[in-house]
Amino acid sequence: MEEFFIIGGNRLQGEVEIDSAKNSLLPLIACCILIEGQVRLEQAVAYSDVKAMCKIIEHLGGKTWWEGGDLVVDCLALTADDVPNELASCVRASIFCLGPILARNGSVKIAYPGGCDIGLRPIDLHLEGARKLGAKVVEKNGYIYASKQKMEGVDIILSFASVGATENLVMLALAAKGTTRIFGAAKEPEIVDLANFINKAGGNVKGAGSDVIVIEGGKKLHGISYKPIPDRIEAGTFLIAGAMCGGEIAVKGAKEEHNRELFAKLSKTACQIRCENDTIILSRKQKLKSFGEIETGVYPAFPTDLQSQMTALACVCEGYSLIIENVFEARNKHICGLKKLGGELISKNGIIIAKGKEKLFGAQVSATDLRGGAALVLAGLVSEGYTTVDNIHYIDRGYYKLEDKFSALGGIVKRVKSEKKEGNCMG
Ligand code: EPZ
């Protein structure tokens, strides 16, 4: 077990390069199942969730390897159509394999997905859409069994703009004869990235980024080399850290258009933000003021994946802040750790009210999920004294060598062996 040891109080200064987007890489790896050839994902990153998806590809009979910073995925010869629980339960994105395996093999047996415990995270929209496309889908003993009868293009209406369901159904629709239209589709940049990937590989997907996506089925995809978009949530995390710590940081490789909501909120906290080509520069010299309120929603609303980090910021902004989490019903566990660090917060039914404090004080805290863990690191960077954050395997799901990046900016974050013994807490 490892933990982060953090000494708070330093301003951040310098440049950080943003990695490729975790939430693009994961569906792109799943989409490789549809391609009987080699795919090169350029400048990919070995997030632990990416490694978990590679294990699934290898279980299916595919091959994956790293070559000069690129991830190569070869699904020329697949020999299985099942994803066992021990692999599927490691990552939410395992469910993105349902569509591609079904589309390629005609049948699939896949266990329920894992992922951060931030709510129930059902998969009903994924399964309803698959049935609409003509698949026979049965849920039994913790597994989903699906088989492809005659699959015809169809109109699918999503009752919620689910990112994962949109991605799964776009990939499954590639195997349906004719045209499929998905109404109420998610519009996140990662959806556009998946569509661009499919089109480069010979597919025909139109309308990604809008709420109606049109997919022409029946086209065989071929191997390609593709560079995923930068990780807008990693970029946002560093910008919020810069706001909290003060100083000036340059976030390289981030796309301005992916974080407009965040910029609007950070500009209210006495930060100066400017964009120069593919670099976002944030500086803060004055005292932090509250951003007022944020309300998370589907893109382009304020992203739920930056809510925890903004809650950490709210703990050290002068005044009161209101945070409303609308996407995941249990995305507030980071409150416990923030309170241990001295944050003054109340949280009920997805609504968080924070009263900004002059200071936070270092403590031993535990990450409960990926973004909640990142929020605790940010709070540790501004806490007096030292902070330890354990359970950092959550953080490693979606940040690569986070400690090295903060250290390069002047923050003091070290990865150390955890004192916490397995099973310390009885009961
Ligand atoms: C993706 O999760 C991301 N993960 C999440 O990022 C992100 O928070 C989320 O989209 C929203 O943007 C990946 O892409 C791997 P959803 P996903 O389906 O697909 C409900 C991170 O920190 N829902 O858009 O699971 C669901 O319960 C992670 O990087 C249904 O009701 O998100 C939730 O309330 C966390 N039925 C809401 O929709 C379904 O069939 C959003 O879920 C599917 C979802």
* To do: Residue by residue through segment 303-335, note down the ones that are in a helix (DSSP H, G or I), surrounded by fewer than 24 Cβ atoms within 10 Å (Cβ to Cβ) and either more than 14 Å from the ligand (Cβ to nearest atom) or more than 18 Å from the chain's Cα centre (by Cα) (or both).
  => Ile335
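Here is a yes/no grid of residues against (1) of a type in the set (Ser, Thr, Tyr); (2) surrounded by 15 or more Cβ atoms within 10 Å (Cβ to Cβ); (3) in contact (Cβ under 8 Å) with a residue 24 or more places away in the chain; (4) in contact with a His (Cβ under 7 Å, 6 or more places away or on another chain):
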position: Ser94; (1), (2), (3), (4): yes, yes, yes, no
position: Ala111; (1), (2), (3), (4): no, yes, yes, no
position: Ile118; (1), (2), (3), (4): no, yes, yes, no
position: Lys140; (1), (2), (3), (4): no, no, no, no
position: Val154; (1), (2), (3), (4): no, yes, yes, no
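Here are some residues: Gly209, Gly178. Which one is small (Gly, Ala, Ser) and more than 23 Å from the chain's Cα centre (by Cα)? First the steps, then the outcome.
Details: Gly209 fails: more than 23 Å from the chain's Cα centre (by Cα).
Of the residues listed, the single one that is small (Gly, Ala, Ser) and more than 23 Å from the chain's Cα centre (by Cα) is Gly178.
Using the structure shown, decide if Lys51 is modelled with pLDDT of 95 or more, closer than 22 Å to His393 by Cβ and among the basic types (Lys, Arg).
Working: modelled with pLDDT of 95 or more: yes; closer than 22 Å to His393 by Cβ: yes; among the basic types (Lys, Arg): yes.
Yes: the conditions hold for Lys51.
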* Asked: Does Met151 meet the test of being in contact with a Gly (Cβ under 7 Å, 6 or more places away or on another chain), at pLDDT below 95 and of a type outside the set (Val, Ile, Thr)?
  -> yes
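Can you pull out every residue in segment 251-301 that is assigned to a helix (DSSP H, G or I) and surrounded by fewer than 16 Cβ atoms within 10 Å (Cβ to Cβ)?
Glu257, Arg260, Ala264, Ser267, Lys268
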* Residues of segment 1-27 being assigned to a strand (DSSP E or B) and out of contact with any Ser or Thr (no Cβ under 9 Å at 6 or more places or on another chain), which ones? -> Leu12, Gln13, Gly14, Val16, Glu17, Ser20
* Hey, Ala185 within 16 Å of the ligand (Cβ to nearest atom), within 30 Å of Glu384 (Cα to Cα) and not β-branched (Val, Ile, Thr) or not -> no
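Can you tell me which of Glu15, Glu36 is in contact with a strand residue (DSSP E or B) (Cβ under 9 Å, 6 or more places away or on another chain), among the acidic types (Asp, Glu) and surrounded by fewer than 17 Cβ atoms within 10 Å (Cβ to Cβ)? Give the steps one after another, and end with the answer.
On the way: Glu36 fails: in contact with a strand residue (DSSP E or B) (Cβ under 9 Å, 6 or more places away or on another chain).
Step by step, each of Glu15, Glu36 is checked, and only Glu15 is in contact with a strand residue (DSSP E or B) (Cβ under 9 Å, 6 or more places away or on another chain), among the acidic types (Asp, Glu) and surrounded by fewer than 17 Cβ atoms within 10 Å (Cβ to Cβ).
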* Asked: Can you name every residue in segment 217-244 that is in a strand (DSSP E or B) and crowded, with 17+ Cβ neighbours inside 10 Å?
  -> Tyr226, Pro230
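This table checks each residue for (1) part of a loop (DSSP other than H, G, I, E, B); (2) within 16 Å of the ligand (Cβ to nearest atom).
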site: Ile29; (1), (2): no, yes
site: Ser94; (1), (2): no, yes
site: Pro100; (1), (2): no, yes
site: Arg104; (1), (2): no, no
site: Ile110; (1), (2): no, yes
site: Gly115; (1), (2): yes, yes
site: Leu120; (1), (2): yes, yes
site: Arg131; (1), (2): no, yes
* To do: Kindly indicate whether Val50 is assigned to a loop (DSSP other than H, G, I, E, B) and within 20 Å of the chain's Cα centre (by Cα).
  => no
* Which of the residues that make up segment 194-206 are assigned to a strand (DSSP E or B) and either of a type outside the set (S, T, N, Q) or under 22 Å from the mean Cα position of the chain (by Cα) (or both)? -> Val205, Lys206
* Asked: Could you list, in sequence order, the residues of segment 156-193 that are assigned to a loop (DSSP other than H, G, I, E, B), buried (at least 24 other Cβ atoms within 10 Å of the Cβ) and not hydrophobic (A, V, I, L, M, F, W, C)?
  -> Glu188
* Can you tell me which residue within segment 387-404, out of those that are in a loop (DSSP other than H, G, I, E, B) and within 16 Å of the ligand (Cβ to nearest atom), is farthest from the chain's Cα centre (by Cα)? => Asn391
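The values are calculated or read from the model by the stated rules, or taken from the named source; none is laboratory data. Remember, predicted model here, so these are calculated numbers, not experimental data. When we count neighbours, we look across all protein chains shown, and the Cβ atoms used for this are built from the backbone with ideal geometry, even at glycine.
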